[in-house]
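Colleague: I'd like to ask some things about the structure below.
The values are calculated or read from the model by the stated rules, or taken from the named source; none is laboratory data. Source: prediction; values computed, not measured. Every residue, glycine among them, receives a Cβ derived from its backbone with ideal geometry; neighbour counts consider all protein chains shown.
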Amino acid sequence: MKKVYKIAVTGPESTGKTKLSECLAGYFNTVWVPEYAREYLQKKGGNYDFGDIVKIAKGQKRREDEALRQASKFLICDTDPLVTKIWSEVVYGKVDPWIINEVENNPYDLYLLCYPDLPWEPDPLRENPDDRDKLFEIYYNELEKRNYNFKVIKGTGEERCKNAVSAVKNSLG
């Protein structure tokens, strides 16, 4: 069985995760897994409760497991369990044990942490236009404390994608 490296594109809202995921998948000629939360929340009209967060995390994992069969050398994931962990902590002050287990026991091969240097883009499903710097620090500290392989991605447009491609090549070959 071939080795497929899982790459999580992670970070606060409106930091270009989806565009970066698409760019990386195109560059490396592989598949990417869109953010399941967006689809789930659109169906619910944007409303959610604590129980929905673990459903979203499990739905994302299911999609990633399915996409692994089609991936080439890399599987690009437009979110990860760390996102749902931080989201749950910020909104509810607690986290479902399943999510904690995923964060602690199933790390990705590389995390690309998107820096909030892009302009905020309003969207009915986004909640934190003024907290992106604070949230970025939470992500950074979580990744560092766990000693996970991660790179901070900065820049706009093509530059951001080139920086991410370089980070993948330097980290995973």
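Colleague: Looking at the range 154-173, I want the residues that are under 14 Å from Glu22 (Cα atoms) and have a partner that is in a helix (DSSP H, G or I) with Cβ atoms under 6 Å, at least 6 apart or on another chain. Which pairs are those?
Modeller: If the second residue must be in a helix (DSSP H, G or I), the pairs left are Cys161/Cys23; Ala164/Leu20; Ala164/Leu24; Val165/Tyr27.
Colleague: Which condition number does Cys77 fail, the rest of (1) within 15 Å of Lys58 (Cα to Cα); (2) in contact with a Phe, Trp or Tyr (Cβ under 8 Å, 6 or more places away or on another chain); (3) at pLDDT below 95 being met?
Modeller: (3)
Colleague: Pairs needed: first member in the range 13-29, more than 13 Å from Cys114 (Cα to Cα) and in contact (Cβ under 8 Å) with a residue 60 or more places away in the chain; second member anywhere, hydroxyl-bearing (Ser, Thr, Tyr) and surrounded by fewer than 20 Cβ atoms within 10 Å (Cβ to Cβ); C-beta distance under 9 Å; at least 6 residues apart or different chains.
Modeller: Between residues of the range 13-29 that are more than 13 Å from Cys114 (Cα to Cα) and in contact (Cβ under 8 Å) with a residue 60 or more places away in the chain and residues that are hydroxyl-bearing (Ser, Thr, Tyr) and surrounded by fewer than 20 Cβ atoms within 10 Å (Cβ to Cβ), the close pairs are Leu24/Thr30; Phe28/Ser72.
Colleague: Here's something else I'd like to know. Looking only at the range 11-55, filter to residues that are of a type in the set (Val, Ile, Thr) and in contact with a helix residue (DSSP H, G or I) (Cβ under 6 Å, 6 or more places away or on another chain); which one of those is farthest from Arg69 (Cα to Cα)?
Modeller: Ile53
Colleague: How many residues are outside any helix (DSSP H, G or I) and either within 19 Å of the chain's Cα centre (by Cα) or surrounded by 11 or more Cβ atoms within 10 Å (Cβ to Cβ) (or both) when one looks only at the range 45-59?
Modeller: So the count comes out to 2.
Colleague: Shifting gears a bit: Being under 18 Å from Lys61 (Cβ atoms) and in a loop (DSSP other than H, G, I, E, B) is the filter here, so list the residues in the range 20-44 that pass it.
Modeller: Hits for the range 20-44 are Val31, Pro34, Glu35.
Colleague: Within the range 5-33, how many residues turn out to be modelled with pLDDT under 95 and not charged (D, E, K, R)?
Modeller: 6
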